[in-house]
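Novice: There's a structure below that I have some questions on.
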Amino acid sequence: MSLYLDTSVIVSFLAREPASERVLGWFEANAEEQLCISDWVTTEVASALSMKVRTGKLDLDARAIALSAFARLEAETFVRIGIRPHHFRAAARLVDNQALGLRAGDALHLAIASAEGLTLATVDKRLHASGPALGIATRLL
């Protein structure tokens, strides 16, 4: 099965998070899966790690180590999904569902996974619940 990893999975892998232990175990157990990300994940990972520095949860050296580990994962493990205009248009339609209250970034992750026929893997419970409501397969790690 091919999975699209949202940013919450990657950040939990790279930095200490409540879901880190679970995500590390999942990565080990699923080493044979095709794991996909997009450039949006790359942007959000950089942002999340920078925010951790600004809030004192991570120092600059730890951020550099995490970014280096992410670069290795990008090069050796992940399949990159190119973001196309139709992904953005689909995300715009998804945020129109007021009952779900999706943020633009989460809608973009869902739109990419849906358009590419991938299951979205996340540690975000709200995002996980939104997928099935929209007919998009999700997996909560």
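Novice: Name every residue in the range 113-126 that is at pLDDT 95 or above and either among the small types (Gly, Ala, Ser) or in a helix (DSSP H, G or I) (or both), in order of residue number.
Specialist: Across the range 113-126, the qualifying residues are 113, 114, 115, 117, 121, 125.
Novice: Quick one: is residue 74 closer than 15 Å to residue 124 by Cα and either outside any loop (DSSP other than H, G, I, E, B) or acidic (Asp, Glu) (or both)?
Specialist: Taking the combined requirement at face value, the residue does not satisfy it.
Novice: Here is a further query. Output the qualifying pairs, or none if there are none: Cβ atoms under 7 angstrom, residues six or more apart or on different chains, first residue in the range 1-26 and modelled with pLDDT under 95, second residue charged (D, E, K, R).
Specialist: Close Cβ pairs satisfying both conditions: 1/33.
Novice: Among the listed residues 79, 45, 53, which satisfies the condition of being modelled with pLDDT of 95 or more, among the β-branched types (Val, Ile, Thr), closer than 16 Å to residue 13 by Cα and out of contact with any His (no Cβ under 6 Å at 6 or more places or on another chain)? Break it down stepwise before answering.
Specialist: On the way: 79 fails: closer than 16 Å to residue 13 by Cα; 53 fails: closer than 16 Å to residue 13 by Cα.
Checking each option against the conditions leaves just 45.
Novice: Separate question: Check the range 50-68 and report whether any residue there is surrounded by 14 or more Cβ atoms within 10 Å (Cβ to Cβ), touching a Cys at 6+ places or on another chain (Cβ under 9 Å) and outside any helix (DSSP H, G or I).
Specialist: Taking every residue of the range 50-68 in turn, none turns out to be surrounded by 14 or more Cβ atoms within 10 Å (Cβ to Cβ), touching a Cys at 6+ places or on another chain (Cβ under 9 Å) and outside any helix (DSSP H, G or I).
Novice: Criterion first (in contact with a Gly (Cβ under 7 Å, 6 or more places away or on another chain) and in a helix (DSSP H, G or I)) does residue 110 satisfy it?
Specialist: On the way: in contact with a Gly (Cβ under 7 Å, 6 or more places away or on another chain): yes; in a helix (DSSP H, G or I): yes.
The answer is yes for residue 110.
Novice: Still on this model: Does residue 69 meet the test of being at pLDDT below 95, small (Gly, Ala, Ser) and closer than 17 Å to residue 13 by Cβ? Walk me through it before giving the result.
Specialist: Numbers: at pLDDT below 95: no; small (Gly, Ala, Ser): yes; closer than 17 Å to residue 13 by Cβ: yes.
No; evaluated as a whole, the condition is false for this residue.
Novice: Considering only residues of the range 114-134 that are out of contact with any Gly (no Cβ under 8 Å at 6 or more places or on another chain) and among the aliphatic types (A, V, I, L, M), which is nearest to residue 13 (Cα to Cα)?
Specialist: 123
Novice: Also, I was wondering about something else. What are the pairs, 6+ residues apart or on separate chains, where a residue within the range 40-66 that is at negative phi has its Cβ under 7 Å from a residue that is of a type in the set (S, T, N, Q)?
Specialist: 41/7; 44/7; 45/7; 48/7
Novice: Can you give me the number of residues within the range 109-126 that are under 14 Å from residue 36 (Cβ atoms) and either of a type outside the set (A, V, I, L, M) or in contact (Cβ under 8 Å) with a residue 60 or more places away in the chain (or both)?
Specialist: Residues of the range 109-126 under 14 Å from residue 36 (Cβ atoms): 109-122.
The next check asks that each one be either of a type outside the set (A, V, I, L, M) or in contact (Cβ under 8 Å) with a residue 60 or more places away in the chain (or both); those that pass are 109, 112-114, 116-122.
Adding up the residues that qualify gives 11.
Novice: Of the conditions (1) part of a helix (DSSP H, G or I); (2) aliphatic (A, V, I, L, M); (3) over 24 Å from residue 125 (Cβ atoms); (4) in contact (Cβ under 8 Å) with a residue 12 or more places away in the chain, residue 90 satisfies every one except a single condition; which number is it?
Specialist: Every condition holds for residue 90 apart from (3).
Novice: Let me ask something else about it. Within the range 127-141, track down each residue that is touching a residue at least 24 places away in the same chain (Cβ under 8 Å) and either more than 17 Å from residue 34 (Cβ to Cβ) or in a helix (DSSP H, G or I) (or both).
Specialist: 127, 130, 133, 134, 136
The values are calculated or read from the model by the stated rules, or taken from the named source; none is laboratory data. What you are looking at is a predicted structure, and each value in this text was computed from that prediction instead of being measured. Every residue, glycine among them, receives a Cβ derived from its backbone with ideal geometry; neighbour counts consider all protein chains shown.
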